[in-house]
There are 2 protein chains.
Amino acid sequence: MFKLNFKNSLSSSFNSIPFQSTNNFLTRKLTTIFKEEKKENFEIGRFNHIAIAVPDLKKAGEMYKNTFGAEISEIMHLPEHGVSTIFVKLANTKIELLHPLGEKSPIKGFLEKNPMGGIHHMCLEVENIQKAIKQMEKSNIKTIGKEPKIGAHNKPVIFLHPKSVGGVLIELEQNSN
Amino acid sequence: MFKLNFKNSLSSSFNSIPFQSTNNFLTRKLTTIFKEEKKENFEIGRFNHIAIAVPDLKKAGEMYKNTFGAEISEIMHLPEHGVSTIFVKLANTKIELLHPLGEKSPIKGFLEKNPMGGIHHMCLEVENIQKAIKQMEKSNIKTIGKEPKIGAHNKPVIFLHPKSVGGVLIELEQNSN
């Protein structure tokens, strides 16, 4: 009610002066500025997945399927990423169970240190990976490598160094849906 | 194409016999059985949050806000849970930044072992915490304590022992929305 009265009194005050065109111009100008600012501002997206390294992929998958009643994928082998994986579908995100594949697997060392398994990383989505990299540079957050790579979901990804982000390995994945 | 043909041949074979009523009865009966089975079957719910222990709560919150552009809560002190926390809102779930509060804090030891910080646990929702506990017992998964406690969100929670679930500390939270 207050808003309505305020609006009414505004329009009646300015009815007699040629303000309308200036006002429209200002509105357009401000809209443009806000849009640009929004575009400039980096904003993290969805929680894409949590990755858990496991010593026995089949057994871990069965636990999530049989005990937790979750839907799981078949085992997928991704030799170019050095892992075999099972996706566990949850209502709002997914768990990725990872097991080393090949001698150069990036999770081999982690499992040697954590033989029972454990949470390896979390993956957050970004709209534009290049903008994300620039944003991290601006904030002195180190990335692992300078350029994005094509990740396990065939999308550009980059990892942030745990030392820069509170001990957590964070994967950023471009997911411009 | 094959499915379509199969369906067509079935319906033409049964068109001449009074099968429809029996068929309806069977369908109802099976639907009931499946519904009951679904009710009995334990099913894990949403990914409620990932909890990250941090050595400096304010600094960590600022990173998620300023660098990642995420919406964050004020610092909340939960002396009954031995933590101070900041919630980081993501589109589909949340991150909880945790810092020890008091001498008996459950994350004090974790931060001593991981001074940079790190992922402490993940929290999955369940519809009924008592059913969840029974399901874990049935699958020989150890819980920390026998009975649920009231968690930081004022809902019943129980933790699963990392030794039983692949090295990951998993919190189950009753969230019967």
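Observations
- The number of residues in the range A:128-146 being more than 11 Å from every other protein chain (Cβ to nearest Cβ) and either in a loop (DSSP other than H, G, I, E, B) or of a type in the set (Val, Ile, Thr) (or both) comes to 6.
- Single unsatisfied condition, A:LYS149 versus (1) more than 8 Å from every other protein chain (Cβ to nearest Cβ); (2) in a loop (DSSP other than H, G, I, E, B): (2)
- Selection from the range A:158-177 of residues that are part of a loop (DSSP other than H, G, I, E, B) and touching a residue at least 24 places away in the same chain (Cβ under 8 Å): A:SER164, A:VAL165, A:VAL168, A:LEU169, A:ASN175, A:SER176
- Any chance B:GLU103 is of a type in the set (D, E, K, R) and at pLDDT 95 or above: no
- Residue in the range B:48-66 that is farthest from the other protein chains (Cβ to nearest Cβ), counting only those that are in a helix (DSSP H, G or I) and either under 19 Å from the mean Cα position of the chain (by Cα) or of a type in the set (Gly, Ala, Ser) (or both): B:GLY61
- Filter pass, A:ILE119 being assigned to a loop (DSSP other than H, G, I, E, B) and either within 12 Å of chain B (Cβ to nearest Cβ) or modelled with pLDDT of 95 or more (or both): no
- Tally of residues being surrounded by 13 or more Cβ atoms within 10 Å (Cβ to Cβ) and assigned to a helix (DSSP H, G or I) across the range B:67-104: 2
- Candidate set: the range A:108-158, residues that are in contact with a strand residue (DSSP E or B) (Cβ under 9 Å, 6 or more places away or on another chain) and among the acidic types (Asp, Glu); chosen: the one surrounded by the most Cβ atoms within 10 Å (Cβ to Cβ): A:GLU125
The values are calculated or read from the model by the stated rules, or taken from the named source; none is laboratory data. All of these numbers come straight from a predicted model, not from anything done at the bench. Note that each Cβ is placed from the backbone with ideal geometry, even for glycine, and that neighbours are counted across all protein chains shown.
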